1. If I stretch the segment between Ser232 and Thr326 completely, what's the gain in nm (0.36 nm per residue apart, minus their alpha carbon distance), one decimal?
2. Given a 10 angstrom Cα cut-off, can you work out which residue in Asp163, Asp337, Asp195 is the most mobile in a GNM of the chain?
3. Label points 7 Å out from Cα along the Cβ direction at Phe63 and Glu15: separation in nm?
4. Place +1 on the Cβ of every Lys and Arg and -1 on the Cβ of every Asp and Glu in the stretch 151-409, take the dipole about the Cα centre, and give the residue among Ser271, Ala397, Ser231 whose Cα lies farthest towards its positive end.
5. Report D for the stretch 3-142 in µm² per second (integer): Stokes-Einstein, Kirkwood Rh on Cα pairs, 25 °C, 0.890 mPa s.
6. Among Ala115, Pro88, Pro283, whose Cα projects farthest towards the positive end of the dipole of the chain, with charges put on the beta-carbon of Lys, Arg (+1) and Asp, Glu (-1)?
7. Between the alpha-carbon centers of the stretch 105-130 and the stretch 53-78, tell me the distance in whole angstrom.
8. Output ³J(HN,Hα) for the stretch 155-162: one whole-Hz value per residue in order, computed from phi by the Karplus curve 6.51 cos²θ - 1.76 cosθ + 1.60 with θ = phi - 60°, and x for Gly and Pro.
Amino acid sequence: MTPDDITGFFAKRDELDGDQYLELDFTFECAGDPRLAAAHLASEQSTAQWKRPGVNEDLRPRFAARVIALDATPLPDGFSVPLGVTPPGAVHRCRATLAHPHGNFGARLPNLLSAVLGEGVFFAPGIPLVKLEDIRFPASYLALFEGPQFGVGGVRAQLGVFDRPIFFGVIKPNVGLPPDASAELGYEAWCGGLDVAKDDELLADAPYSPLAARAALLGVVRRRAEMETGSSKGYLANITDEVSELARLHDVAVEAGATMVMVNALPVGLSGVRQLRRHARVPIVTHFPMIAALSRIPAHGVHSRVITRLQRLAGADVIIMPGFGTRMMTPEHEVMDNVRACLEPMAAIKPSLPVPGGSDGAETLAGVHRRLGTVEFGFVAGRGVFAHPGGPAEGAASLRREWERIAGSGA
């Protein structure tokens, strides 16, 4: 790029019509001039070659992504991660904000992802390490999406739970149980005080536990538990499958008695989630397989809050995410970022219920509540309910007793 080319990929925020642009926060490590690297990052994800040879034109004013903020710090010891191929030049760590015109891809999630997390980002010249840290949408773009159909308020209304966390339980063992065993465990947990019994993310329409048979049995005992406890109960059926099967499996599960359906968001694809949202008659819950594969390394990939925002945009009413504790290997500030991405204002898009989880039980409930500082969350336990020494009913009851203690103490 010539100096004039570089300048064409920079702008001041107030020079742009904010309604026409997404804002993208990147961190990256580059070799050579940071301004040149940032210009390449903007160029490669948008116009790249921005004019035809011999033609007096410039496509950048309408179509180019623009760098609107850039900070660079030298790294005297070189790149922070060993690389197989290292570009030449002095190394810098940079933070940049780019404005990207959403007219380039429209309200199409596959096209959005192709632009902001595609070849142009991860193969930009001079930038071997790059991470998309955050994404912000103008109201004009958000208006093109439906978002959650039920959101936090709708999920609470369905369960009749308004003043405390919603208690989910993953039926364990998670893989291998026949439908009747799953139903027995779910029934016991509901009677003990669990709000929602759920399939594990690894259990879908399996030969040893067909979704239709499992949902039918769990639907029967769910209604029995409601009659016996006088409280609404939820059964969350995992319908993760090929996108072409999602609507059919939704109908199978719901007609049999499921009150929510779950899909693994990235394996199914965000566009698959959005397609299901347009068909669903019950809340959609998304789970987090594959997300750590993209987000865990600090210097590269995509921050999980970006994926959380996109799940909400696609229509997830409830978003299960890695929670606190050493097993999940997720920094506390990252968990909090994801919770905020579910609940913070997003124009007319409804909030999604955040469910940070991983090896939780009654003994961790107070800590989760204290960190979040709100009751607007779901609390999910697996072994904490279904491996409880007193059985699933006692495991669920332990969650309710612990919440009563927390609420009574004002903790």
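1. 30.5 nm
2. Fluctuation is largest for Asp163.
3. 2.0
4. Ser271
5. 159
6. Pro283
7. Distance between centres, Cα-based: 14 Å.
8. Result, ordered by residue: 5, 4, 5, 4, 8, x, 10, 10 Hz.
Computed from the coordinates by the stated procedures, all read-outs in this text should not be read as laboratory data. All of these numbers come straight from a predicted model, not from anything done at the bench. Positions of Cβ are generated from backbone atoms using ideal geometry, with glycine treated the same way; all protein chains shown enter the neighbour counts.
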